[in-house]
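Below is one structure; the comments refer to it alone.
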Amino acid sequence: MSNPAGEPSPYALIYRVSQILSLTPDPDAVLERVMDEVIAATRAERGFLILRDDTGRATFHAARGLDHRTIESPEFQVSRTILNGVLDTGAPRLTADAQGDGATAASDSASKLHLRSVLCAPLQSGGRTVGAIYVDNRLKSGAFGPQDLDLLGALAHQAAIALDNARMFRDVNTRLQSLRLIHDINADLTSTLNLNRVLIASLERIQQVLGTEAGSILMLEGDELVFKVAVGEASDRLNPFRIPKGHGLAGWVVENARGVVINDVQHDPRFYSNVDAGTGFITRELMAAPLIMNGRVTGVVEVFNKPGGFSDADLDLLSTIGSSAAIAIENARLYEVAVEKGRLERELQVAHEVQANLIPRETPRVPGWSFAAQWQSALEMSGDYYDFVSDDPARVGVVLGDVADKGMAAALFMALTRSTMRASAAGSASPALALARTNRLVAADSANGMFVTLCYAQIEPASGALRIANAGHPAPILYRAASGDVVELTRHGIALGVIDDAEYVEESATMQSGDILLIYTDGVTDALNARGEDFGHDRLLETVRDFCRRTPADLHAKLSSTLKQFVGATPPADDMTFVIVRRD
């Protein structure tokens, strides 16, 4: 089937189609547009697109000129044979004469369908055949030729690229929505210490985003799980119910310390039906995640009945929210204890302990590397923090932040920044991109001029590659063992929370054996002695040079003792926090 005069060349057509598809962000819309373009380009009478998932299950999409009944009918056998061959081999197929093709002569389906000519090309992604495009013409239409097969193959290639891009766009958009939800919930969690209000607000947000009928949070009290809050249908009838420890899916989550998704609970032997029987609620789908604090399961968050069922991505989101909720629950519980005792001093002490729980208790254990860290608050509450973040064993992330304030407000802002930074850093190979995402979310809730300086260093232990993004923080110090030089990594960006569209740059280096990286807050260099002198930048560099050939633990001890001796009895004016990393 040659192109009539005046029509665009195949190259121009393919370019036009690629441009159109690249601007289509919705996967379903991509499939529909692909079939429209394929039918027009090949002058096919009918066609459809098929996709296969990882299990091999096939689904039909964007059919033109036929429907599922035709595709699934016995007469369509010849076309299914061609289609299955393309899916299995990954090779395109042209049947120019379906009536006389020896491969189909044993079947009369071509005659019954009045087929004249068939084209089929694979959709391939990542070296796998993930689907195929099928078109045909019946006896009243023209036959396809090799040039049509080449054209369909090129269009299928563009379609696979467009489909991958659309799916990536959808996944990124979904992740951004999840980050916004996590940010909103974290804002709720840090805005009040009223336990009931925090939990109801969180459940309502989860129910709204996931589209569930109901949700509840159960807390472990002795040998029972007790319903603390519930939203949705029949929630007002849940209060009297207690689930014995180890019973039901909630009990299973507590015992195994991991979440669960069940999209047919009535056939799951673990399902505890007594609650449904007592409330009149009918549970069809259930998803639950543990609330874990300091390595101990303290409760369970559950949601029920989502149209279409729950997915693993839903469980990841619920588990992340559950982690923040567990901290909020502990914060609120400790706060209520302090209020009941009526002593402000005890309240602040408890809050300090809660905040200390946000600081890592151990440094990473990475072969060939050593770490040391110190977090020292000037008051009961600190605006400093450090963290180690990594969702990839090939990378270790070091975060150190300093809120530009002190006391309770700074501590709450620090907690918000920590949670948001963790969520933004998850799955991000770019420190600069992680800071930009964190800044957008932090800036949205920054009040009273509060902001935070933050440095995020990402290390690849195998190669020693170091990538750093800096948001207004003091320049990290890098000691080079081979030359004895001390290098300051000076690239800076604006502090987080000042403007919502700030951009950040990265500085890269490679740490060799014996090299040391020191990241610190300005409380170290601004520490004052009795004469009003500050510790200063020069003393810090001198301390690093004196002990740079020792272990991070030795340098940590030396820097701490030097600061303590310098300050003496003078009350600390600011929090002092630092992290030391050495490649052994």
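The values are calculated or read from the model by the stated rules, or taken from the named source; none is laboratory data. Note that this is a predicted model, so its numbers are computed, not measured. When we count neighbours, we look across all protein chains shown, and the Cβ atoms used for this are built from the backbone with ideal geometry, even at glycine. Only protein heavy atoms, including side chains, enter the accessible area calculation; ligands, DNA and RNA are left aside. Shrake-Rupley method; radii C 1.70, N 1.55, O 1.52, S 1.80 Å.
Looking across region 210-239 at every residue that is out of contact with any strand residue (DSSP E or B) (no Cβ under 7 Å at 6 or more places or on another chain) and part of a helix (DSSP H, G or I), the one that is surrounded by the fewest Cβ atoms within 10 Å (Cβ to Cβ) is identified as Asp236.
Within region 514-543, the set of residues being assigned to a helix (DSSP H, G or I) and touching a Lys or Arg at 6+ places or on another chain (Cβ under 9 Å) comprises Thr525, Thr543.
Every test in (1) surrounded by fewer than 23 Cβ atoms within 10 Å (Cβ to Cβ); (2) at pLDDT 90 or above; (3) at negative phi; (4) touching a strand residue (DSSP E or B) at 6+ places or on another chain (Cβ under 9 Å) is passed by Arg491 save one, and that test is (2). Restricted to region 467-477, and to residues there that are touching a Leu at 6+ places or on another chain (Cβ under 9 Å) and surrounded by fewer than 23 Cβ atoms within 10 Å (Cβ to Cβ), the residue that is nearest to Leu517 (Cα to Cα) is Ile477.
For region 291-310, filtered to residues that are small (Gly, Ala, Ser) and within 22 Å of Phe227 (Cα to Cα), the residue that is surrounded by the fewest Cβ atoms within 10 Å (Cβ to Cβ) is Gly295. Which members of region 544-557 meet the condition of being under 39 Å from the mean Cα position of the chain (by Cα), not in a loop (DSSP other than H, G, I, E, B) and not β-branched (Val, Ile, Thr)? Within region 544-557, Pro552, Ala553, Asp554, Leu555, His556, Ala557 meet the criteria.
Only one entry of Gly251, Gly259, Gly246 meets the criterion of being more than 20 Å from Val198 (Cβ to Cβ), touching an Asp or Glu at 6+ places or on another chain (Cβ under 9 Å), in contact (Cβ under 8 Å) with a residue 12 or more places away in the chain and of a type outside the set (A, V, I, L, M), and that entry is Gly259. Annotation note: of Gly497, Gly523, Gly532, the sole residue that is touching a residue at least 24 places away in the same chain (Cβ under 8 Å) and out of contact with any Phe, Trp or Tyr (no Cβ under 6 Å at 6 or more places or on another chain) is Gly523.
When you look at Ser117, is it under 25 Å from Ala160 (Cα atoms), among the hydroxyl-bearing types (Ser, Thr, Tyr) and modelled with pLDDT of 70 or more, yes or no? Yes; evaluated as a whole, the condition is true for this residue.
Being of a type in the set (Phe, Trp, Tyr) and part of a loop (DSSP other than H, G, I, E, B), is that true of even one residue in region 246-265? No: zero hits. Does any residue of region 573-582 turn out to be farther than 18 Å from Arg480 by Cα and surrounded by fewer than 19 Cβ atoms within 10 Å (Cβ to Cβ)? Yes. With respect to Tyr520, is the statement that it is buried (at least 17 other Cβ atoms within 10 Å of the Cβ), of a type in the set (Ser, Thr, Tyr) and more than 21 Å from Trp375 (Cβ to Cβ) true? No: the conditions fail for Tyr520. Just to be sure, is Leu441 touching a residue at least 24 places away in the same chain (Cβ under 8 Å) and within 24 Å of Met576 (Cβ to Cβ)? In short, no. Of the residues Ala326, Ala277, Ala313, Ala288, the single one that is open to solvent by 60 Å² or more (accessible area, probe 1.4 Å) and either farther than 18 Å from Gly211 by Cβ or assigned to a strand (DSSP E or B) (or both) is Ala277. Checking region 553-568 against the condition returns a match, with at least one residue being open to solvent by 20 Å² or more (accessible area, probe 1.4 Å), touching a residue at least 12 places away in the same chain (Cβ under 8 Å) and of a type in the set (Lys, Arg). Condition first: closer than 28 Å to Gly126 by Cα, among the basic types (Lys, Arg) and over 28 Å from the mean Cα position of the chain (by Cα). Now tell me which residues in region 54-72 satisfy that. Residue satisfying the conditions is Arg64 alone.
You will find that of Leu528, Leu563, Leu496, the residue that is closer than 16 Å to Val579 by Cα and of a type in the set (A, V, I, L, M) is Leu563 and no other.
Each residue in region 494-513 was checked for being of a type in the set (A, V, I, L, M, F, W, C) and either in a strand (DSSP E or B) or open to solvent by 60 Å² or more (accessible area, probe 1.4 Å) (or both), and 6 pass. Thr298 falls short on exactly one of the conditions (1) part of a loop (DSSP other than H, G, I, E, B); (2) of a type in the set (Val, Ile, Thr); (3) in contact with a strand residue (DSSP E or B) (Cβ under 6 Å, 6 or more places away or on another chain), and that condition is (1).
With the structure loaded, tell me whether Tyr479 is over 25 Å from Arg418 (Cβ atoms) and touching a helix residue (DSSP H, G or I) at 6+ places or on another chain (Cβ under 7 Å) or whether it fails that test. Criteria met by Tyr479.
Return a yes/no flag: does region 453-460 have any residue that is more than 14 Å from Asp402 (Cα to Cα), open to solvent by less than 60 Å² (accessible area, probe 1.4 Å) and out of contact with any Leu (no Cβ under 6 Å at 6 or more places or on another chain). Yes, some residue in region 453-460 is more than 14 Å from Asp402 (Cα to Cα), open to solvent by less than 60 Å² (accessible area, probe 1.4 Å) and out of contact with any Leu (no Cβ under 6 Å at 6 or more places or on another chain).
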